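Have a look at the structure below before the remarks.
The values are calculated or read from the model by the stated rules, or taken from the named source; none is laboratory data. Keep in mind the model is a prediction, meaning the values are calculated, not measured. A quick note on method: Cβ atoms are made from the backbone with ideal geometry, for glycine too, and the neighbour counts reach across all protein chains shown.
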């Protein structure tokens, strides 16, 4: 064993050396305005992520294991919740969160086909996809132009006897009006799923977003607040919801024994389930129609190192947002994010919306930025109802529109966002400010 330990130490030292020779120079390359690419997002890592990754690979457990358990524990502690479960993407996290609410274990609160879920059309499609795919009915309301979040003035208008839940995201890290949404859900006995994939580390009234509702979700795709490459998480304080999500994540099985571990439940061959014979192996009893949504332990190993750095990532995002905002706020042709007084956002991106004074289009601005090596992104789907995926759906049967979507369409037509991830230094931020100012001053002509 001494020989093995010595070899492990030698390997890790070589990994650190490799990072210093290969990855560190790339991350610290000098920025050349107009020549260097300004990506909207990117990974921020050091030798610790590589060492964890190699350590996990040497163990060769590969699937959910010790790093996964450690990450779930640390994430739950960071957020101040009882339970966190790792999954293989943020989209899977949304699928798992919604699927949990369709469990018969929830009795009269179970979401069934035809039940309604209030959401918005201005966002990412996988916030909505699980609702549609299950056969529930998404009910769309407009967003506020200033926050790009749900307009809570339309919540009561969207409510019906079929309404069972609200499922919405915190747009680009900017918390929606949680106080109003939570009050509405409590009043009508509705579930609240917070799609927190773009807002990990954001706070509302001193409490982390994703922890106000019944279930929160996160994504660890490389552009997000932290990364595992692929990966996501669901989190909750509700033991029953945790039990349901664990089942659905792990094939739908009734047993909660981890892979390679038998009879944790103590009833492997002693009970009857459903109409199965008495003593049927509990490891192969299925109480839900589930999936295999687990992440690999190597990805979780990267996540464990990322989570140690995460508080500094949040602070850097705030600093970068402030620098962009202060450099651009006086341009009358452009409007920028506003937040609620109770909000402390961990910004994911810097949203820019054309004002009524603009004599150019969103695409004019986007093309100019891209030509000057600055990456841009639209606000995801803009208006999901305008996309080909909705062409086969029938309004009134498959979905319902509960308000005018005038601001949603404004965002679809006139908004884009640029990056502010923690790997950006002041040189890149100032270059983006200068380039936008040049565009406004007539550089586009």
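Here are the numbers for this structure:
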item: Sole exception among (1) touching a residue at least 12 places away in the same chain (Cβ under 8 Å); (2) part of a helix (DSSP H, G or I) for residue 61, by number; result: (2)
item: Condition check for residue 255: crowded, with 22+ Cβ neighbours inside 10 Å and either at negative phi or out of contact with any helix residue (DSSP H, G or I) (no Cβ under 8 Å at 6 or more places or on another chain) (or both); result: yes
item: Matching option when the condition is touching a residue at least 24 places away in the same chain (Cβ under 8 Å) and touching a strand residue (DSSP E or B) at 6+ places or on another chain (Cβ under 6 Å), among 314, 285, 302, 295; result: 295
item: Tally, over the range 124-174, of residues that are part of a loop (DSSP other than H, G, I, E, B), in contact with a strand residue (DSSP E or B) (Cβ under 8 Å, 6 or more places away or on another chain) and more than 22 Å from residue 351 (Cα to Cα); result: 4
item: Any hit, the range 411-420, residues being within 30 Å of residue 113 (Cβ to Cβ) and in contact (Cβ under 8 Å) with a residue 60 or more places away in the chain; result: yes
item: Selection count, the range 98-115, where residues are closer than 19 Å to residue 403 by Cα and buried (at least 24 other Cβ atoms within 10 Å of the Cβ); result: 0
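A quick yes/no check of all residues on (1) surrounded by fewer than 16 Cβ atoms within 10 Å (Cβ to Cβ); (2) part of a loop (DSSP other than H, G, I, E, B); (3) in the same structural domain as residue 154 (by TED's automatic domain parsing):
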{"residue": "315", "(1), (2), (3)": "yes, no, no"}
{"residue": "321", "(1), (2), (3)": "no, no, no"}
{"residue": "325", "(1), (2), (3)": "yes, no, no"}
{"residue": "348", "(1), (2), (3)": "no, yes, no"}
{"residue": "357", "(1), (2), (3)": "yes, yes, no"}
{"residue": "410", "(1), (2), (3)": "no, no, no"}
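Conditions (1) more than 30 Å from residue 180 (Cα to Cα); (2) touching a helix residue (DSSP H, G or I) at 6+ places or on another chain (Cβ under 9 Å), marked per residue:
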site	(1), (2)
317	no, yes
372	yes, yes
381	no, yes
391	yes, no
398	no, yes
402	no, yes
